[in-house]
Amino acid sequence: MPISEIDPVLETRELSKRFGSVQAVDNVSIAFEKDRFTSIIGPNGAGKTTFFNLLTGNLKPTGGSVRYMGEDITGSEPFEIADRGIARSFQTSNVFSGLTVRENIRIGIQQAREWYQFWKPLSAFPGTLESVDQILELVQLSDHRDKNAEDLSHADQRLLEVAISLSINPEVLLLDEPTAGMSREETDHIIDLLKQQVFPEVDLVVMIEHDMDVVMNHSDRTIVLHNGGVLVDGNPREVEQNEEVQRVYLGET
């Protein structure tokens with residue numbers, strides 16, 4: 001569906017999620033515009049991953065709505081949201097460890113094209129291997145295409161998860177702590193690859209991130225969640241200089 005440069009690609013309106021007496025997400029209204037590399041930060045328990053789960057249908061909200069390309073997708077199933085063009089990665093690697101890198105991506109592509117017949121032979125999906133190789137080149141895993149996923153380094157497993165997310169040809173990519181557990185060199189490599197190779201292929205990247213160097217040096221926009229609500233929403237420097245953010249997140253008094 002076409003969307004103008006000024007309309008939000010993804011939007012939440014007073015989105016809320018309660019677990020018993022705990023208000024995990026509290027009336028969050030955010031509009032995500034096209035071509036913005038956005039980071040979401042916040043202390044543990046701020047509601048970041050729950051917010052992602054509401055966007056992708058893994059959880060149903062107790063209030064409010066989610067809109068994508070102007071349409072209400074609140075309460076849709078995860079596969080329906082993925083079919084529309086919203087892909088996400090998780091905090092921990094979520095790959096088929098016993099399959100090769102190429103097979104992981106191939107299954108993703110076949111499932112996206114005919115999700116209920118992903119077990120059909122490869123011959124039923126012309127052009128699939130070409131698509132796999134294009135994605136492998138995009139995330140710089142071509143040299144590992146025949147290696148089992150379990151034999152990849154942690155950083156390369158995270159890249160493979162991004163590649164699997166790209167197999168559905170998404171417009172929106174949601175990444176949950178993609179650099180967790182990585183060295184400085186690995187982190188820099190993955191962020192550079194995301195910005196230079198992956199970001200131009202999608203309309204929007206939203207990333208939950210704990211590494212403040214990544215947030216400050218690479219984000220176009222930073223949203224701080226605290227106690228389930230939006231504390232601050234602005235560019236990285238505005239967020240860094242905000243006294244309330246310094247108090248509740250950066251640990252300053």
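Tell me, please, whether a residue that is basic (Lys, Arg), in contact with a Pro (Cβ under 9 Å, 6 or more places away or on another chain), under 22 Å from residue 90 (Cα atoms) and touching a residue at least 40 places away in the same chain (Cβ under 8 Å) can be found in region 183-197. No, region 183-197 has no match at all. Taking the conditions exactly as written (modelled with pLDDT of 90 or more, in contact with a strand residue (DSSP E or B) (Cβ under 8 Å, 6 or more places away or on another chain), of a type outside the set (D, E, K, R) and crowded, with 18+ Cβ neighbours inside 10 Å), does residue 59 satisfy them or not? Answer is yes for this residue. Tell me whether region 28-42 contains one or more residues that are buried (at least 21 other Cβ atoms within 10 Å of the Cβ) and among the basic types (Lys, Arg). No: zero hits.
Taking the conditions exactly as written (among the β-branched types (Val, Ile, Thr) and within 23 Å of residue 171 (Cβ to Cβ)), does residue 62 satisfy them or not?
On the way: among the β-branched types (Val, Ile, Thr): yes; within 23 Å of residue 171 (Cβ to Cβ): no.
In short, no.
For the condition surrounded by fewer than 21 Cβ atoms within 10 Å (Cβ to Cβ) and either aliphatic (A, V, I, L, M) or at pLDDT 95 or above (or both), what is the one hit in 103, 5, 14?
Details: 103 fails: either aliphatic (A, V, I, L, M) or at pLDDT 95 or above (or both); 5 fails: either aliphatic (A, V, I, L, M) or at pLDDT 95 or above (or both).
That would be 14, the only listed residue that is surrounded by fewer than 21 Cβ atoms within 10 Å (Cβ to Cβ) and either aliphatic (A, V, I, L, M) or at pLDDT 95 or above (or both).
In this structure, is residue 176 of a type in the set (D, E, K, R), within 22 Å of residue 78 (Cβ to Cβ) and modelled with pLDDT of 90 or more? Spelling it out, residue 176 is indeed of a type in the set (D, E, K, R), within 22 Å of residue 78 (Cβ to Cβ) and modelled with pLDDT of 90 or more.
The values are calculated or read from the model by the stated rules, or taken from the named source; none is laboratory data. Owing to the predicted nature of the structure, the values given are computational and were not obtained by experimental measurement. Glycine gets a Cβ as well: all are built from the backbone with ideal geometry, and neighbour counts include every protein chain shown.
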